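All remarks here apply to the structure that follows.
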Amino acid sequence: MIIFKEAHGRKKIIIIIIIIILYCNKTRSYSSSRHEELKNKPILESILTVNNLTKKFGFLAAVKDLSFSIEKGNVYGILGPNGSGKSTTLGIILNVVNQTSGDFSWFGGTTSTHNALKKVGAIIERPNFYPYMTALQNLKLVCKIKDVGQDKIEEKLALVGLQERRNTKFSTFSLGMKQRLAIASALLNDPEILILDEPTNGLDPQGIHQIREIIKKVASSGTTILLASHLLDEVEKVCSHVIILRKGEKLYSGKVEDMLATHGFFELKTADLNALVTLLNNHASFGKINQENGLITAFLKEELDALTLNQYLFEKGIVLSHLVKRKESLEEQFLTLTNTPTTINKI
């Protein structure tokens, strides 16, 4: 009997040891696969980090507690109406305007702002070159001022489409050509980030198209871009990320595609508008409801197709004379944000 108990006890111990070994192997396997997963996950390299930035001019707060980050390889747009703090923000991060409070750091804070700005190309004001000098002469002068070699001049002139006009005096250039030359000058040091303030302001449609194509070319080479603009179309066409400002405050920060990834809205008409509005307000799928000139605009909080809505309303006694489902454009999203005191912060 004692022998049986001892054998039974040894058997239990062996089983426990086997279970422990199996558990350890499983844990080691999970740990190894998790390590590989983390190792293969791309590390986002920080270009610029802005923390709680505030700038006051007397009693006027041009920038209010602004925070955002810029990561390598993306095209960022600071979007907002005139007077929203876009240019002031760019002035602060370029050390030409002193902030009232808050801070910012370039390239993960591994270098001083003075040294970091050597890796930055920027155009903040209108292009300002010597009018009696040619494009080539002006760029050679810029190279001397920046203390960089002149070997990239022809490459940058070709990039902006001015190689054939390199020996033409700056005074004869159109506004679009002047802006393209300014971009070439900002790229002479092969910056890690290019900063542009209203790059298409005042240009004709052809000039706007040329600047946008240049921005896309520069971005495709891996250069990070930060541009300020009040033009929705510009940001939607060239930017991967957007930061929306209103009166110095951030309303939204995130990917352009995420901002556009809404469920859309319905445009509706019927004889009994009040009954329709009541039904929509009590429907779980709808959020904001607007009524103007006999047209109801109902914004969706979740997916709902037109057929289902029409059937639901018909069963409730509402016969629609107009039913259209649309997706919100960036313009509609922008107007919704900038016309309401509610802020949306997406990190």
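Neighbour counting of Cβ atoms within 10 Å sorts the residues SER285, SER321, fewest neighbours leading, into SER321, SER285. In terms of other Cβ atoms within 10 Å, PHE57, PHE266, PHE170 run from fewest to most in the order PHE57, PHE170, PHE266. The modelled label-to-label distance for the pair ASN290/ASN201, using points 7 Å beyond Cα in the direction of Cβ, is 2.8 nm. Modelled spin labels at THR278 and ASP103, positioned 7 Å past Cα toward Cβ, are 5.9 nm from each other.
Converting phi to 3J(HN,Hα) with the Karplus coefficients 6.51, -1.76 and 1.60 and the offset θ = phi - 60°, the range 178-184 yields 4, 5, 5, 5, 5, 5, 4 Hz in sequence order, with x at every glycine or proline. Excluding LEU175 itself, calculate the net charge of residues whose Cβ lies under 12 Å from the Cβ of LEU175, where each Lys or Arg counts +1 and each Asp or Glu counts -1. Taking every other residue near LEU175 into account, the sum is +2. Cβ-Cβ distance of LYS316 and LEU260, R₀ of 25 Å, FRET efficiency by 1/(1 + (r/R0)^6): the value works out to about 0.20. Counting beta carbons within 10 Å around each of PHE68, PHE314, PHE334, PHE59 and listing the fewest first gives the order PHE59, PHE314, PHE68, PHE334. The H on the amide N of GLY264, modeled in the peptide plane, is under 5 Å from the matching H of LEU300, GLU328, each at least 5 residues off or on a different chain. Computed over the alpha-carbon atoms, the range 279-337 gives an Rg to Rh ratio of 0.96, Rh here being the Kirkwood radius from the mean inverse distance. Couplings for the range 63-74, taken from phi via the Karplus curve 6.51 cos²θ - 1.76 cosθ + 1.60 with θ = phi - 60°, read 9, 10, 6, 8, 9, 6, 9, 10, 10, 4, x, 10 Hz in order; Gly and Pro are left as x.
Between the beta carbons of SER112 and ASP147, assuming R0 = 22 Å, the FRET efficiency works out to 0.80 to the nearest 0.05. Net length available on complete extension from SER67 to ASN167 is 31.6 nm, with 0.36 nm assigned per residue and the Cα-Cα distance removed. Within the shell defined by Cβ-Cβ distances under 14 Å, the residues around PRO205 carry a net charge of -2, with Lys and Arg each +1 and Asp and Glu each -1.
Spin-label model, ASP305 to LEU231: label points 7 Å out along the Cα-to-beta-carbon direction sit 4.0 nm apart.
Read the figures in this text as sums done on the coordinates, not as results from a lab. From a predicted model like this one, the values you see are computed outputs, not experimental measurements. Neighbour counts are summed over all protein chains in view; Cβ atoms, including those assigned to glycine, are modelled from backbone coordinates with ideal geometry.
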